[in-house]
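Encoded as structure tokens, the structure appears first; notes follow it.
The values are calculated or read from the model by the stated rules, or taken from the named source; none is laboratory data. Predicted model only: the values in this text are computed from it and were never measured. A quick note on method: Cβ atoms are made from the backbone with ideal geometry, for glycine too, and the neighbour counts reach across all protein chains shown.
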Amino acid sequence: MAFQPALWIVIGHFLTYAQKYNLPAVMTSAISDRHNVYNSISRTHETGRAVDFRSKSWPDEHKSGVIDYMNKVAGHYGAISSSDNERRVIVHHAVVGGAEHFHLQVAR
């Protein structure tokens, strides 16, 4: 399985933001069967439509800043959330037992 083309565009926008503000961009998860992720409800990683980036050392203002930026420049690529039917290209969250991270995702 390979990344979906739109995901490359989204990753590029995320990296552009990180570089502009000299923030680390460490990809922590890419294509995965998600069997090792507790309570995973999304199939976006399995289908090459999502990646995760570490957010641990990002200041709070940049955590919210990158979400605003990504929604502005790439929001139309976002996947539809199964929980509330909202289109999102980036989510900042933590899975149970895991670290906070940015989850970048694109629609089918």
Mind checking which pairs have a first residue in segment 90-101 that is acidic (Asp, Glu) and a second that is part of a loop (DSSP other than H, G, I, E, B), Cβ under 7 Å, 6 or more apart or different chains? 100/55; 100/56
Any idea how many residues of segment 77-92 are exposed (fewer than 15 other Cβ atoms within 10 Å of the Cβ) and basic (Lys, Arg)? 1
Filtered residue count, segment 39-98, keeping only those that are within 14 Å of residue 25 (Cβ to Cβ), of a type in the set (A, V, I, L, M) and in a helix (DSSP H, G or I): 2
Looking at 24, 5, which one is at pLDDT 85 or above, more than 12 Å from the chain's Cα centre (by Cα), surrounded by fewer than 16 Cβ atoms within 10 Å (Cβ to Cβ) and more than 21 Å from residue 75 (Cα to Cα)? 24
Test: residue in segment 71-85 that is basic (Lys, Arg) and at pLDDT 95 or above: yes
Could you please find all residues in segment 27-55 being of a type outside the set (D, E, K, R), under 14 Å from residue 82 (Cβ atoms), modelled with pLDDT of 75 or more and in contact with a Lys or Arg (Cβ under 8 Å, 6 or more places away or on another chain)? 47
